[in-house]
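Notes follow the structure.
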Amino acid sequence: MTTTLWLTGLPSSGKSTLGRELVEKLRSERKVQHLDGDAVRRDFFPELGFSKEDRTENILRIGRLAAMLAAHDVLAVVSVIAPFREVRDQVRAEHEEAGLTFVEVYVDAPVDVCAERDVKGLYAKAERGQVEAMTGVSDVYEAPVSPEVLVDTATLSVEQGTEMIERALERCESERREQDIREVVLR
């Protein structure tokens, strides 16, 4: 059994950049797969829109894909906005119930920094009223309360961010191994 690294944050906060970098760094050490929220939605769930119900369903489906990968000893690196705390908590619970490690990474950056980085132009369109329900602008983003790691991409480089995430991954997996050993010993 292995782990899901769940990178969550505002649009253009750096989730996909960090996810791609992590996959490249870890690929030589272990099986790893990047699940980018935009690509998964486009390629696997194009029928889903952006209503709260559809966003919730998208997050749950991506969580199940990640758990399937993790259950087959593939580190799942998920880069997805996942704006609803309750739904992220549900994905975490499903992982934990399956005996999988779930590492939540809050990729944090202020809205103005995200807007400057926005290659899709979504923030500008939202300002002009051309995008409804823009997460972090006109729609809610519920920041994680106690993520395993917080990466402030407004002040840290990609390299610094990936190093922080790798350390958290190592710590969480080590804690999980120790917990598994204690459970075996107590039987």
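The values are calculated or read from the model by the stated rules, or taken from the named source; none is laboratory data. No experiment lies behind these values; they were computed from the predicted model shown. Backbone-built Cβ (ideal geometry, glycine too); neighbour counts: all protein chains shown. Just so you know, the surface numbers come from the protein's heavy atoms only, side chains and all, with ligands and any DNA or RNA stripped out. Shrake-Rupley method; radii C 1.70, N 1.55, O 1.52, S 1.80 Å.
Side notes on the structure shown:
- Residue within the range 49-66 that is touching a helix residue (DSSP H, G or I) at 6+ places or on another chain (Cβ under 8 Å), touching a residue at least 60 places away in the same chain (Cβ under 8 Å) and small (Gly, Ala, Ser) present: yes
- Residues located in the range 3-58, provided they are open to solvent by less than 10 Å² (accessible area, probe 1.4 Å) and either among the basic types (Lys, Arg) or part of a loop (DSSP other than H, G, I, E, B) (or both): Gly9, Ser13
- The range 150-187, residues that are touching a Ser or Thr at 6+ places or on another chain (Cβ under 7 Å), modelled with pLDDT under 95 and either open to solvent by 70 Å² or more (accessible area, probe 1.4 Å) or farther than 21 Å from Arg27 by Cα (or both): Arg176
- Residue within the range 127-147 that is part of a helix (DSSP H, G or I) and surrounded by 13 or more Cβ atoms within 10 Å (Cβ to Cβ) present: yes
- The range 94-123: number of residues that are in a helix (DSSP H, G or I) and either closer than 26 Å to Leu60 by Cα or open to solvent by 50 Å² or more (accessible area, probe 1.4 Å) (or both): 11
Every residue, every condition in (1) at positive phi; (2) charged (D, E, K, R); (3) at pLDDT below 95, yes or no:
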{"site": "Gly37", "(1), (2), (3)": "no, no, yes"}
{"site": "Phe44", "(1), (2), (3)": "no, no, yes"}
{"site": "Asp54", "(1), (2), (3)": "no, yes, yes"}
{"site": "Ala66", "(1), (2), (3)": "no, no, no"}
{"site": "Ala71", "(1), (2), (3)": "no, no, no"}
{"site": "Val74", "(1), (2), (3)": "no, no, no"}
{"site": "Val77", "(1), (2), (3)": "no, no, no"}
{"site": "Val91", "(1), (2), (3)": "no, no, no"}
{"site": "Glu104", "(1), (2), (3)": "no, yes, no"}
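- Residue match in the range 143-157 (condition: of a type outside the set (Phe, Trp, Tyr) and over 20 Å from the mean Cα position of the chain (by Cα)): no
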